[in-house]
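Participant: Here it is, the structure, as structure tokens.
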Amino acid sequence: MCTHHKDIDYYNDLILHKKFPVDQIYVIQLETNARNVEHIQSWVNNKRFNHMQHVALGTLVMLTKNIDLKVGATNGTTQIITKLEFDLEDNVCSISVALNPLGYVQIVWKKSIQNKYDSQRHFYKTSSPLMLDYAIIGHKSPRCNNIIQSDDTYS
């Protein structure tokens, strides 16, 4: 349990890399048409939008927005990644997850979209509405330093 989002990002990434071999971890690319536009890079690189930069088959994840209310794929739902699909350039383009404990499989596309307008130009970025779900934020927890360090905690 952590007190700050930066700690969640750190521990989620640390646990993912401890749990899975590096050759089974894939980078999640942010899709944008503004990658080389210098004056809006802070908007492009905002980690609160692109929560998950790495993923592996079997990863524990949480939805960051409602996808399908009828089957329980809602904001905060914990799931396990069951399938990754790649585009022609080997970028992860869709992620299938099994909802716990129902086992229903839901495909998650890059549905989170943000737009920015600058003079005559329109910029966009898209991301998957998922984040790793090994570390969580606890608004009342005193410190993030008291994380359980047992090797079998996350199995």
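Throughout, read-outs are computed from the coordinates displayed, never taken from laboratory work. All figures in this text were calculated on a predicted structure; none of them were measured in a lab. Heads up, the Cβs are rebuilt from the backbone with ideal geometry, glycines too, and the neighbour counts pull from every protein chain shown.
Participant: Quickly work out the E31-to-E85 label distance, labels modelled 7 Å from Cα along the C-beta direction, and quote it in nm with one decimal.
Facilitator: Label-label distance for E85 and E31, simple model: 1.2 nm.
Participant: Still on this structure: Using +1 at the C-beta of Lys and Arg and -1 at the C-beta of Asp and Glu, which of V108, N75, Q29 has the Cα lying farthest in the positive direction of the dipole of the chain?
Facilitator: In the chain, that residue is N75.
Participant: Separate question: Whose amide H sits under 5 Å from the amide H of E31, counting only residues 5 or more places off or on another chain, with H placed in the peptide plane?
Facilitator: Residues meeting the criterion, in which the H sits 1.01 Å from N, are T126.
Participant: Given H placed on each backbone N at 1.01 Å, which residues far from T64 in sequence or on other chains put an amide H within less than 5 Å of it?
Facilitator: The answer is G76, L130, M131.
Participant: Defining a contact as two alpha carbons under 8 Å apart and six or more residues distant in sequence, what relative contact order in percent does the range 5-132 show?
Facilitator: Relative contact order, the range 5-132: 25 percent.
Participant: Which far-off residues, 5 or more places away or on another chain, put their amide H under 5 Å from the one on Y104, with H placed in the peptide plane?
Facilitator: So Y104 has HN proximity to L99.
Participant: Take every DSSP beta bridge whose two residues both sit in the chain, then give the antiparallel share in percent to the nearest 5.
Facilitator: Among the beta bridges of the chain, antiparallel pairing accounts for roughly 95 percent.
Participant: Got a sec? How would L130, L57, L30 order by Cβ neighbour count within 10 Å, fewest to most?
Facilitator: The fewest-first ordering by Cβ neighbours comes to L57, L30, L130.
Participant: Please give the charge dipole size of the chain, origin at the Cα centre, charges +1 on K and R Cβ atoms and -1 on D and E Cβ atoms. Round to the nearest 20 debye.
Facilitator: 580 debye
Participant: Could you tell me what % of all Cα pairs in the range 5-132 have separations over 24 Å?
Facilitator: 31 percent
Participant: Turning to a different aspect of this structure: If we count every other residue with Cβ under 15 angstrom of I80's Cβ, Lys/Arg +1 and Asp/Glu -1, where does the sum land?
Facilitator: That works out to +1.
Participant: Also: Quick one: 3J(HN,Hα) in Hz for the range 6-21, Karplus 6.51/-1.76/1.60 with θ = phi - 60°, rounded, Gly and Pro as x.
Facilitator: 5, 5, 4, 4, 4, 5, 4, 5, 4, 5, 4, 6, 7, 7, 10, x
Participant: Can I ask one more? Calculated from DSSP H runs of 4 or more alone, at -39500 (n - 2.57) each and per residue, what is the 222 nm mean residue ellipticity of the chain, nearest 500?
Facilitator: That comes out to -3500 deg cm²/dmol.
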